[in-house]
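The block underneath contains the structure these notes are about, expressed in structure tokens.
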Amino acid sequence: MTKKKYIGKVLDPFISPIAKIFLSRKRSGPRPLVIAHRGLPLEFPENTLPSLMSALREGADGVEFDLLFSKDNHPYVCHDSDMTAHTSNGREVVNILEMQSQEIDALKIYGDYQISSLGSTLAELGTANPKRLYIHYKVENEVGSEINHIKAVERAIRQAGLEEIAVVMVESGRIEPWISQAPRVQILQCWVGLPGEEGRYAIDDSRQFNLNHFGFYAKKPRGRGQGN
């Protein structure tokens, strides 16, 4: 083993996973933007505020997170509407879409974490100065609430002063209402689940956004259902 390889092996446990992505791209041209997919779930449960903030602290250029709405139309950062298996007791059915915002605020998931509202999440992320925020809007709520959703998202982004870096990714939904209702926010249409490209998105918009200009960083979460 050469001296260089030995030093690399010794230092490997201490190098940030995101830094490794940067280093691996060094010899293959300009590095892409690295966007942390749901945060840094190797350390914290995905989509939780500690997970998102940790990714930015470790050097990610931005983060991607999922968005669902409470029954009273408040936006929350969450991927699965059914969180029954991840709550503190795991016994009563917990469906985010059927809960009022006060109920969600009081809910404990993955041991001792909370589901953060979009407003509080953006306020915290803004202090970390990310270059890009990808807000993944999942079309799961009842038909007819779309305009209320759009207005709530636009308002939260505007109040956090993040119009320049917040991008709403509309999954399999109509993009026109977003463009008309949130003119100051960048809107992208997205599809998930490309064969062989887990953790990536196919993105399409009028500006021919190039997927090669950025990368998604994703790892399997550690200790699902645990608070560590």
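Structural remarks
- Filtered by the rule that a residue be over 23 Å from C190 (Cα atoms), touching a Phe, Trp or Tyr at 6+ places or on another chain (Cβ under 6 Å) and aliphatic (A, V, I, L, M), segment 36-47 gives no residues.
- Residues of segment 36-47 classified as under 11 Å from the mean Cα position of the chain (by Cα) and either in a helix (DSSP H, G or I) or among the aliphatic types (A, V, I, L, M) (or both), total: 2
- All positions within segment 123-137 that are open to solvent by 20 Å² or more (accessible area, probe 1.4 Å) and either modelled with pLDDT under 90 or under 18 Å from A60 (Cβ atoms) (or both): E124, G126, T127, A128, N129, K131, R132
- The C-beta contact set for segment 176-188 (first residue β-branched (V, I, T), second residue open to solvent by 10 Å² or more (accessible area, probe 1.4 Å) and in a helix (DSSP H, G or I), distance under 8 angstrom, 6+ apart or interchain) comprises V185/E154; I187/I179.
- Of the residues making up segment 138-159, those that are in contact with a Leu (Cβ under 9 Å, 6 or more places away or on another chain), at pLDDT 90 or above and either of a type outside the set (S, T, N, Q) or under 17 Å from K71 (Cβ atoms) (or both) are H149, A152, V153, A156, I157.
- Answer residue from segment 172-188, given it is open to solvent by less than 40 Å² (accessible area, probe 1.4 Å) and either under 22 Å from D61 (Cβ atoms) or in a loop (DSSP other than H, G, I, E, B) (or both) and is modelled with the lowest pLDDT among those: G173
- Among residues of segment 81-122, those that are out of contact with any strand residue (DSSP E or B) (no Cβ under 7 Å at 6 or more places or on another chain) and open to solvent by 50 Å² or more (accessible area, probe 1.4 Å), counted: 15
The values are calculated or read from the model by the stated rules, or taken from the named source; none is laboratory data. Since the structure is predicted, the reported quantities are computational estimates derived from the model, not experimental observations. Neighbour counts run over all protein chains shown; Cβ positions are idealised from the backbone, glycine included. Surface accessibility is based on the protein's heavy atoms, side chains included, excluding ligands, DNA and RNA. Shrake-Rupley method; radii C 1.70, N 1.55, O 1.52, S 1.80 Å.
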